[in-house]
Structure formats: C-alpha cells, structure tokens
Amino acid sequence: MIILLSNINQYRKEYMLDKISENSLFNSIEDIKGIGPKTLKMFEKLCGKKIIDLLLTIPRNYKKRKYIQNISDEHLNEEIALMVNVIKHLPQFHPKMPYKILCNNNSSEIEIIFFRGYVKYLKKILPTGEKKIICGKLEKLGNKYQIIHPESISPLEELPYLHGSLSVYSLTRGLTMSVYRKSISKALEKLIEIPEWINKDILKKNNWRPWKQTVELLHKPQELNDEKIKKTRERLAFDEALSHYIKLLVTKEKIKKNICHKIEVDKKIKDKIILKIPFKLTESQLKVIKEIEDDIKRKNPMLRLLQGDVGSGKTIVALITLANVLKKNIQAAIMVPTEILAIQHYNYFSDLFKDIRVNIVLLTSKINNKEKEIVQKKIEDGKAQIIIGTHAIFQKNINFKNLGYVIIDEQHRFGVHQKFQLSAKGCNPHILVMTATPIPRTLALTMYGNMSISKITEMPSNRKKIETISMSSNKISKVIKGLRKIIDKKLNAFWVCPLIDESEKLDLTAATNRFEKLKKFFGNYVGIIHGKMSIEEKKEIIDKFKSKKILILVSTTIIEVGIDVPDATAMIIEESNRFGLSQLHQLRGRIGRSDKKSTCILIYKEKNLNEYSKKRINTIKNNTDGYKIAEEDLKLRGFGEILGIRQSGHQLFKILDPLTDVKIMEDAMNEAKLIFEKRNSIKKTDKEIINLFLKIYNQSSSLKYISIA
C-alpha cells in the first residue's frame, strides 16, 4: 500500500510538472489582457518582465474599503467606493482656490475637490454627464458631502477591484491602482498548483500554507489579520532565501570543478614592490595577502571577497598579489567603476612597476578610437600584461589571450552579469572582488555565501582621526577664510558639489558655479573636475592637483572613489544633507591619508534639513568606523540602496529582507545544505521541482544553467 501511494504521488507530481510546462507564468506581462507596450514598461520598472515577477511583488500595505450605493452620514470619515454622475465643473475664480466638481449619487449631491488640480486634466477624466467610481474618504462641510483629492477615479467596469479587502501596491507615474489590481487578478488566473519543495515538517512547524494558496492570499487576503499576512510573506521569503542559497551552493560547486592557471608566488617581484612602498604593511594586510596567495596557487579558481574600510590599503594588497602573474605569461585585469579610479590605478601601478618591464594598458569608454584599437590589439595578442579599465574591458569586442586573474574594485557597483561576463573571457580566472563599503556579516553571507571572505581590519599606523564638523550654508565665508590657511601651507583641499551645472528644478549649488566663486578668492589655485570632461582633461587636472599647481579641487561625486592625494587635508561637502551615509564616508576617505591633521566640513541648508538628513550628518560626525556607518545606512536606506543593487538594475530579493529575516535566512541556509548534500539521491521529478522554484525565484538568471544536477 505504501509503494502504491508513493507511485500515485510520483504520477501526481509528474502530471503537475507537465501542466506547469504548458503554463504561461514565465511569459511576458504583456500576455495579460489589457496590458500594452506602454503599461508593460511601467510594470517592468516596478517588478520585472514576467507574469511570475508581477505575482511575487509584495503589496506595501492592505486596506478595507466599502462600496456604498447611497451616501449617508453613517459612512462619514470612512474609506468608500461610490458611483457618481458628473453634473458640472464649478467656476474657479482664482487659481489658488480649490477646484470643485459637482456630482450626484442617486438623489444626493457630492463635491469632488482638488486643491492642486490641473483643470484640463480633470475635465478629461471627469467629463460632464459620465458615470465614474470615486474612491476616497467621505467628509462633510456644512450640509455638503465631499471627497477631497480622491485616491482614484475609475470607469464602472473596474468596481470589483476597488472595494473589499484590498492590496495596496507601489505605483509609478501613469499606472493606476485599479489597473494594477486588475492585472494581478488576471495573473492569478494563470496560477496552478505546484508540488511542494519545502519539507513538510518545516511547513507544519511554521503553519505555512501551500505555495499556490500563499501567493493568492498575498494579493487577496481573506481577512486583514496582521499575523496571517505576516505568515504569508514569511513563507514566500523562505522560498526565495532557499532558492538563493541553493544557487550559491551550486555555483560554488561548479567553480570548484573548474581547472585554472596555478599562480605561484614570485617572491622577488613581491619584495621589490614592498621595498618601494613608503609605509609598512599592517598585520591585517599581510594576512589577507597570504590568504589570496594560498588561493591562487591552487588548480581551482579563487572566488574571494576582500572587505576593507576607506583608506585601509586594499589596492596595494591587490597589486602585490597581481604581480605574481608577470613572469607566467598570464594576463590580469582590474575592473573599476569610474574613469578617475582607472586613471589613478594606472598611474600608481605604472610608477611602482617602472623598474620592471611590464606592459600596463588603460581601457575606458572615453579614450579615442585609434588608441582603443591599439590597446585592444595588445590585449588580444597577449602583449598587455595588466589591463586596467572600467566596464569597457568586458565588452564583446575585447578578447584576452590568456586571462588568469581578475580583480573587481568597488564590486557593489557592478551587476552579477557583468562580473561573470569578465570572468568568462579567461580560462576560469581567479576572481578577487573588493569593496570599501563595509557589509555586515549577515549581509555578506547573503550576498556572497559562495565566496571566501577576507577583511582588512587595521588602518595604517600613521593615520590621524579626521575631525568632522557640520555648519549651515550661511557660514560658507568662514570656510573660505579657513581655506586660506591650507593654501599658505601648500596643502590640498576638495570641495564637493552635487551637480555640475545649475538646475532650475533643484536648489543645489553647482560645481561650475562654486568653481567660479572660489577662483575670485584663490585664482589659479582652484581647479574643477567632473564626469563631462574628456579622459585627457581629467588626467591633466589630477596631475596638477598632485603636483600642487592646483590646491583646491572643486568636484562632483566622481572623486568618491579614485583620487589618493596624501597632502589632501580638507574635504568640504556642500548640500551634505542630500548625500547617503556611505557616500559621505567614502568622500571623507579621500582625506586623512597621511600623518597630517585633516578636517571634513559638512555644509547644509537649514531649510533642507529634515529628520533623516540630521541623523545622517550626526552619524558621520560621531563615527569613523565604516562598519557602524554601514549598519546605520542600512537602517536608514535599506538593503538594496547601500549595496548598489537598485542602481545596478539587479534586484537580489523581491520578498526577503536580510535586515529583519535573519532567522528565515538561517533556516533556509540549513535546508539548502541538506538538499545539496543529498542531491545525488534525489529523484528526477523532485530535482525538476527544485529547478522550477529556482526559475520562479529568478535564481537561474545570474548564471546560465543553474540547476540541481
């Protein structure tokens, strides 16, 4: 009997998998009736391209709304949906007066009121004589019923999506809540039952429902019970975490099987470099160098994350380990996020290697075509030993002869696809990714569970603590007066502004404007650098700043990473309230790189200072520890922002929140290990179910062919 039941369950799973293969969950959202190319773009911006992406987007809130057929006082101050007939648009005698539209509901009159209404638009969406569904809070002034700034104005056919227990979604301009709910309802019709992949004991212990039912309840809860809604989200968060950890384990296993170049330590070159460094390496740096060297001399490729606070000396660690490839006819590539950082590395490496015959090339998108062709040829025929560049170095037309070592600096600025695009260009190269954005341990395990992790925990011994102060913009004259002392001592200073040119929309001080003002005080000692400059112009400015022909460098945030000037002792950040914590910490890290006293001044405008910007400024003033700052930044801005995931276009999680779901992540990690360890004994059908969930949670997209084999 047991064997018979087992067979029935197996047939049932196979039948369900066949049904799924015919299903359209992985089709474009455009397949949903009523969604055209324009609406598709809006949904893509919010959740992704596929129907399953739409269904796995969590509502930001839930609410209850009544549909009432007749207005009465018993519904005052309640959220209602109401059918009205538009009677007339009342004259507006002054633009600052509220705009009123008189409507009726059966025998009762009601005014729809807008305080910031565009008359032309309102006449279009509420034409006289038409019936509409108005949603909002019912109010009364004197004996007149009112709805002020209704949440939505919809056609009659959208009524089913406008009342009852409602999910509230994040929207983008042009997409209405009723269209979103209607699309969700249509997408839910495509859901079919999927065999479970979570252990029954885990489901029972957590009181979780089956997957299909969970997705349905996520969007259409039977009751607005906070605990039940929480359970629904937790179940799907566990699924997402489980798929993520399985992907990491599969990826790590695949990399372990790869055969690569073994790179032995070249002690002679290593000692030459260390002798040239004008400071003593810290114990932490030496420890990390040994960890990397132990990795690269193995036949399986290294995959290591190097964390180190701003100014802790990651670049020299990378350089020392990279030097081992020079006599092996192996190429090394260093990918950085900005052109300025690429120039900085190129100059630094060229200087250190000037007594050793090494061919180093620089490749960015802004070098001229003729020079680009020369560099590409050198890379292709193997003459270029060290290739330093921005994202330009992993483009399709760049072919390496023998790429064996890849270093990715400021890794959080690159998407997963970009990293593996570069590594795919070599013969399973060793990969070292570096970041100065300190990531708390739980997040490091989440993001890089398939990587070994190294940390530089010490700062060079000669560094002094940077004094950080804040002041209102009405005291800028005091700051300018203080700069005179820096000029007299022949020291360097940065002045950072958020924009290049004046903007009518944003009240920000532009870099060009500040540059002109400072020139009046300091003449040719003031220079400017920004993203619109050519690579030659940037090189020239950096050289002048380092050689002290320029002492004050006005800049946009492009100097956040890249410029290392030991004599830079002042950092002035204008409109500092508009910067994120990690960005402020990175900018401050451009100074204090010697034994000289350094000061960072955070300038703000009183009128732009809100609660969050005050917290950010106070956190920076009171902390120099990058890890503490990163944790505060996570609390203020969230997981996706601090790691640059949102900016890179690669959203790691849709449901899981690594800041609050630590227990879910730990349980999912343990379950993933159990599944992975017994993968060779798992039945084919069960493997297909696991691979289906990897696809559902988009974990098979960052690398091709991720599956439990």
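Coordinate-derived values only; no laboratory data. Worth saying up front: this structure is predicted, and the values here are computed from it rather than measured. For neighbour counting, all protein chains shown are included, and Cβ atoms are generated from backbone atoms with ideal geometry for every residue, glycine included.
Working from Cα positions, state the angle (0 to 90°, nearest 10) between the long axis of helix 339-352 and the longest principal axis of the chain.
20
Sort the following peptides by mean Cβ neighbour count (other Cβ atoms within 10 Å, averaged over residues), highest first: 598-607, 330-339, 172-181.
Highest mean packing first, the order is 330-339, 598-607, 172-181.
Using +1 on the beta carbon of Lys and Arg, -1 on that of Asp and Glu, and nothing else charged, what's the dipole of the chain about the Cα centre, debye to 20?
Dipole magnitude for the chain comes out near 1600 debye.
What is the set of long-range amide H partners of SER454 at a cut-off below 5 Å, with H atoms built 1.01 Å from backbone N?
LEU305, LEU306, GLN307
Quick one: which residues, 5+ away or cross-chain, put their amide H under 5 Å from the amide H of GLN146? H built at 1.01 Å from N.
Counting only residues 5 or more places away or on other chains, the set is GLU111, GLU139, LYS140, LEU141.
Starting from 0.36 nm per residue, how many nanometres of slack lie between ASN104 and CYS427 once their C-alpha separation is accounted for?
Taking ASN104 through CYS427 to full extension adds about 108.9 nm, to one decimal.
Reachable lysines from LYS464, Cα under 20 Å, same-chain residues fewer than 8 places away excluded?
Reachable lysines: LYS280, LYS314, LYS485, LYS489, LYS490, LYS596, LYS597, LYS621, LYS628.
Which order do the peptides 388-398, 256-266 come out in when sorted by mean C-beta neighbours inside 10 angstrom, highest first?
388-398, 256-266
From the square roots a ≥ b ≥ c of the eigenvalues of the alpha-carbon gyration tensor of the chain, which class results: rounded (a/c under 1.5), prolate (a/b over b/c), or oblate?
oblate
What 222 nm value per residue comes from the helices of the chain, counting each DSSP H run with n ≥ 4 as -39,500 (n - 2.57) and dividing by all residues, nearest 500 deg cm²/dmol?
-12500 deg cm²/dmol, from helical runs alone.
With the crude spin-label approximation of a point 7 Å out along Cα→Cβ, what separation in nm comes out for VAL358 versus LYS548?
Label at VAL358, label at LYS548, 2.8 nm between them.
List every residue whose amide H lies under 5 Å from the amide H of VAL168, counting only residues 5 or more places away in sequence or on a different chain, with H placed 1.01 Å from N in the peptide plane.
ARG60, ASN61, TYR62, LYS63
Find the eigenvalues of the gyration tensor of the Cα atoms of the range 31-134, then list the square roots of 5 times those eigenvalues as equivalent ellipsoid semi-axes, largest first, in whole angstrom.
Equivalent-ellipsoid dimensions as semi-axes: 32, 20, 14 Å.
How large is ³J(HN,Hα) for each residue in the range 517-523, as worked out from phi by the Karplus curve 6.51 cos²θ - 1.76 cosθ + 1.60 (θ = phi - 60°), to whole Hz, x for Gly and Pro?
5, 5, 4, 5, 8, 10, x
Given the options GLN222, ALA436, HIS163, identify the residue whose Cα lies farthest towards the positive end of the charge dipole of the chain (+1 on Cβ of Lys, Arg; -1 on Cβ of Asp, Glu).
Working it through, the farthest residue towards the positive pole turns out to be ALA436.
Determine ³J(HN,Hα), in whole Hz, for all residues of the range 84-93 in sequence, where each value follows from phi through the Karplus function 6.51 cos²θ - 1.76 cosθ + 1.60 and θ = phi - 60°; x replaces Gly and Pro.
10, 10, 6, 8, 6, 8, 6, x, 10, 7
Using a Förster distance of 30 angstrom, determine the FRET efficiency expected from the C-beta separation of ASN680 and ASP226, and round it to 0.05.
0.10
Grab the other residues whose beta carbon is less than 9 angstrom from that of SER28, score K and R as +1, D and E as -1, and report the net.
Taking every other residue near SER28 into account, the sum is 0.
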